[in-house]
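Single-structure report; data block below.
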Protein chains: 2
Amino acid sequence: MTPSESSRKDRPSLSLKGEGSLKSPARATRAIRLGPLTIGGGQPIVVQTMTNTSSTDVEATLKQIGDCKARGAEVVRLAVPDERAAHIFKEIASQSPLPLVADIHFDYRLALIVLKGGAAGLRLNPGNIGGADKIVKVAEAAGKCGAAIRVGVNGGSLDKKIKSLYGHGPEAMVQSALEQVRIIEQTGFRDIKVSLKSSEVNLTVAAVNLFSNLSDLPQHLGITEAGDAKSGAVRSAVALGILLSQGLGDTIRVSLTAPPTEEVDCAWEILRSLDLRRRGPRFISCPTCGRCQIDLEKLSKEVKERLSDLQAPLTVAVMGCVVNGPGEASMADVALAGGRGKGRIFVKGRPVGTYPSEQLASQLEKEARGLAALWTGDD
Amino acid sequence: MTPSESSRKDRPSLSLKGEGSLKSPARATRAIRLGPLTIGGGQPIVVQTMTNTSSTDVEATLKQIGDCKARGAEVVRLAVPDERAAHIFKEIASQSPLPLVADIHFDYRLALIVLKGGAAGLRLNPGNIGGADKIVKVAEAAGKCGAAIRVGVNGGSLDKKIKSLYGHGPEAMVQSALEQVRIIEQTGFRDIKVSLKSSEVNLTVAAVNLFSNLSDLPQHLGITEAGDAKSGAVRSAVALGILLSQGLGDTIRVSLTAPPTEEVDCAWEILRSLDLRRRGPRFISCPTCGRCQIDLEKLSKEVKERLSDLQAPLTVAVMGCVVNGPGEASMADVALAGGRGKGRIFVKGRPVGTYPSEQLASQLEKEARGLAALWTGDD
């Protein structure tokens, strides 16, 4: 787990620091283990991503897992498309700094191989993994290894029987999950989580809500095939924002057609924006308008880069004018409000100096690092 | 208004095309006019942005307004920081292809000047515009000109009296708005909308909800000082996604430290993701994973660029493998599912051909343009 978080036992998803209205507390879910982590049961929401290297390229995959960890990923999933990848999985898992989940489709025997290779979890797609006898074998093996199973329904790959009975909507997705959950639970296996993903926000929101009314299993949230780093991030933020604000979701993955590190950044931004978890600085900066007399886009980028390694959950404001600048500065840990050729730096709302434009970013960094050094890791 | 939309009288914000659960219909608001547009009263949600050129640079500002219109902006706001800008506003308004809102702070006389210059609306900040006598003068002048007024509260610039009475929370923001609304309404003026923005998602969500319980005025939604094109887009999408899914909001502006055209793209992506409005293609593409055998990020970018001028609300899927590809393809208007060295094109779920990788984007474009040509403008 990363530095700054609190238990979600009474998670104030729409809380207002004392204002009290509109709270939508985390819905109670079963706590399950996933490697060293707990998913559900009111624990902090876990951030996941998925590698896009070839799963048989050990070096590239480990490098990418390391990069994702540095950005805040806590669990990483790998596609395991064939037997060769399944055998190589062991080598990756033995060196991975994060618990690994193996993504299995079509062939349940791949699951048996990666379980022996150290998978912390499996993701099975009920739409394509085969009949109950195969699921039972996988669940029994997972139970022996202490691995978790995600029943990962995808609205785009429901099996034919489910579609003929329930159509393509949220009920079909939920029934697909429940059917596989029942088979797994009959073996006595308990460490199950469920995901109900589609590329449609409304469908996903409805399916996750419906499932939460029928089951106490923890849920992994995501929008599948969301799109590129721009539109996909927005679509994921809309869906996950709605669900998390309703108190739903125990772990999240943002899916983007982009490097997985971008997925991790986006996931943290979503959690940060709802005050569910904090990691590193939160940046606020004004949209430049006709009042702005400095190159704020450039300045804001420079500040963000200078502070990119900070773990402390500071609020950093970069403001371009005197209308909103001082007000926002008063609520930020460190802030700058720019003007023509110079600007003012604030710490905890108090002005600490006026500097020429070219020194603003470095002075802000200095103050931010000063505050970050005082941070104890609790927040 | 842009091509594809429906009245929001019974807006199915979480509707599921027949599934019916979880609907959160648009809350009833008063309809007001803003230039040629209607805001509120169940009409489609209007997309706004704000120029960041100097408001005294007529040519650059008109160019930017045109660029924003091409991306789907329907209203543009300009900062009017001083008397010179207020006088030049007339020249811009007379040539603008979109209705203009003038952003006024500190000096109410600037409002009187831009009203004569053709402003479709004013944005006043109750935190800094001065006493009731000044507001009354502005409202009377706006009434004569047929212009709308937005009471635009910013959590970072509340006035001292409000802060001493109500603190910094949602109630302070709402009371600040209501106080100014009362003053304006006493003059008989009716075309008022309200915005309650802060840089905090939870605070904004709470304030907008609280206001909607106390007033039927239409609301303009946004997160202020949201940040750069990445984190700001995510934070805005979380906040606006939550509020729109609750049936709140009549017009939106995404504020980014980035060109205003990016704000417009983000606003449309939010509306599109909730099926509230459609404009141009909706792209879905899978996160590349270890199963992917083509350069999907590049291919998806190429497809997006090729179709960037389309107005027809097509769903376009670009998929990298056989696991989710065919399923998603079956739900898209046009789709491609890539493989090693070649891929298959689908139209309305039916495969129409297999092509080498380098022809996939152009073939997909051809099929998309074929479908778009059949589009009548209703959807």
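Its Cα centre serving as origin, the protein assembly as shown has a Cβ charge dipole (Lys and Arg +1, Asp and Glu -1) of approximately 820 debye. Exposure check, 1.4 Å probe, all protein chains in place: B:Val136 carries approximately 40 Å² of accessible surface.
Please report the antiparallel percentage of the DSSP beta bridges confined to region B:282-372, to the nearest 5. Rounded to the nearest five, the antiparallel share is 60 percent.
Counting only other chain Cβ atoms within 10 Å of each residue's Cβ, the peptide A:250-260 averages 4. Calculate how many DSSP beta bridges within chain A are antiparallel, expressed in % of all such bridges and rounded to the nearest 5. Taking every DSSP beta bridge within chain A, about 30 percent pair in antiparallel fashion.
Result for chain A in a Gaussian network model with C-alpha springs under 10 Å: among A:Arg369, A:Arg71, A:Arg235, the largest mean-square fluctuation is at A:Arg369. Under the simplified labelling scheme, the B:Gln359-A:Glu305 pair shows an inter-label distance of 4.4 nm, with each label point 7 Å from Cα along Cα→Cβ. Figure note: A:Leu299, B:Leu374, A:Leu112 ranked by solvent-accessible area, largest first, 1.4 Å probe, ligands and nucleic acids not counted: B:Leu374, A:Leu112, A:Leu299. Accessible surface comparison of A:Tyr108, A:Tyr166, probe 1.4 Å, protein chains only, largest first: the order is A:Tyr166, A:Tyr108. Leaving out ligands, DNA and RNA, what percent of the accessible area of the protein assembly as shown is carbon and sulfur, probe 1.4 Å? Reported share for carbon and sulfur atoms: 49 percent. Taking the Cα centre of each part, how many Å lie between region B:327-362 and region A:214-281? Cα centres, region B:327-362 to region A:214-281: 28 Å.
Note on A:91-102: average number of Cβ atoms from other chains within 10 Å of each residue's Cβ is 0.
Report the relative contact order of chain B, percent, no decimals, based on alpha-carbon pairs under 8 angstrom and at least 6 residues apart. Rounded, it is 14 percent for chain B. When the Cα gyration tensor is reduced to axis lengths a ≥ b ≥ c, the ratio a/c is 1.5 or higher for region B:19-91, and with a/b above b/c it is classed as prolate. With a ≥ b ≥ c taken as the square roots of the eigenvalues of the C-alpha gyration tensor of chain A, please select rounded if a/c is under 1.5 and otherwise prolate if a/b is larger than b/c or oblate if it is not? Prolate is the answer for chain A, as a/c is 1.5 or above and a/b outweighs b/c.
The simple spin-label model puts a point 7 Å past each Cα toward its Cβ; for B:Leu214 and B:Lys342 those points are separated by 6.7 nm. With a ≥ b ≥ c the root eigenvalues of the C-alpha gyration tensor of region B:224-377, is it rounded (a/c under 1.5), prolate (a/b larger than b/c) or oblate? In terms of gyration-tensor shape, prolate.
Please report the antiparallel percentage of DSSP beta bridges with both residues in the protein assembly as shown, rounded to the nearest 5. The antiparallel fraction comes to roughly 30 percent. The angle between the Cα long axis of helix A:201-214 and the main principal axis of chain A comes to about 60°, on a 0 to 90 degree scale. When the inverse distances between all different Cα atoms of the protein assembly as shown are averaged and flipped, the Kirkwood radius reads 26.7 angstrom.
In the Gaussian network model of chain B, springs joining C-alpha atoms below 10 Å, which of B:Lys298, B:Lys144, B:Lys348 carries the largest mean-square fluctuation? Looking only at B:Lys298, B:Lys144, B:Lys348, the largest GNM fluctuation is found for B:Lys298. Across peptide A:241-247, the average count of Cβ atoms from other chains found within 10 Å of a residue's Cβ is 6. Can you tell which of B:Gly327, B:Gly72, B:Gly232 shows the greatest fluctuation in a Gaussian network model of chain B with Cα springs below 10 Å? Checking each option, the largest mean-square fluctuation is seen for B:Gly327. Computed over region A:282-372, relative contact order equals 25 percent, with contacts defined as Cα pairs under 8 Å that lie 6+ residues apart.
For the pair region B:174-188 and region B:91-167, the centres of their Cα atoms are 13 angstrom apart. Placing +1 on the Cβ of every Lys and Arg and -1 on the Cβ of every Asp and Glu, with nothing else charged, gives chain A a dipole about its Cα centre of roughly 520 debye. Counting helices only, and only those DSSP H runs with n ≥ 4, report the 222 nm mean residue ellipticity of the protein assembly as shown as the sum of -39,500 (n - 2.57) divided by its residues, in deg cm²/dmol to the nearest 500. Helices in the protein assembly as shown give a 222 nm mean residue ellipticity of -12500 deg cm²/dmol.
In square angstrom, what is the accessible area per residue of region A:88-198 with a 1.4 angstrom probe?
37
Kirkwood's formula applied to the C-alpha pairs of region A:163-271 gives a hydrodynamic radius of 14.3 angstrom. Using only side-chain charges placed at the Cβ, +1 for Lys and Arg and -1 for Asp and Glu, the dipole size of region A:282-372 relative to its Cα centre rounds to 220 debye. Taking both sides together, the accessible area buried where B meets A is about 6400 Å² for a 1.4 Å probe. When the charge dipole of region A:282-372 is built from unit charges on Cβ atoms (+1 for Lys and Arg, -1 for Asp and Glu) and taken about the Cα centre, the candidate among A:Ala368, A:Gly338, A:Leu296 whose Cα reaches farthest toward its positive end is A:Gly338.
At a Cα cut-off below 18 Å, give the lysines reachable from A:Lys301, other chains included and same-chain residues fewer than 8 away excluded. Partners within reach: A:Lys230, A:Lys342, A:Lys366, B:Lys230.
The values are calculated or read from the model by the stated rules, or taken from the named source; none is laboratory data. Treat the numbers as computed from the prediction; the structure is a model and nothing was measured. Cβ sites come from the backbone with ideal geometry, for glycine too, and all protein chains shown count toward neighbours. We work out accessible area using only protein heavy atoms, side chains counted, and drop any ligands, DNA or RNA first. Shrake-Rupley method; radii C 1.70, N 1.55, O 1.52, S 1.80 Å.
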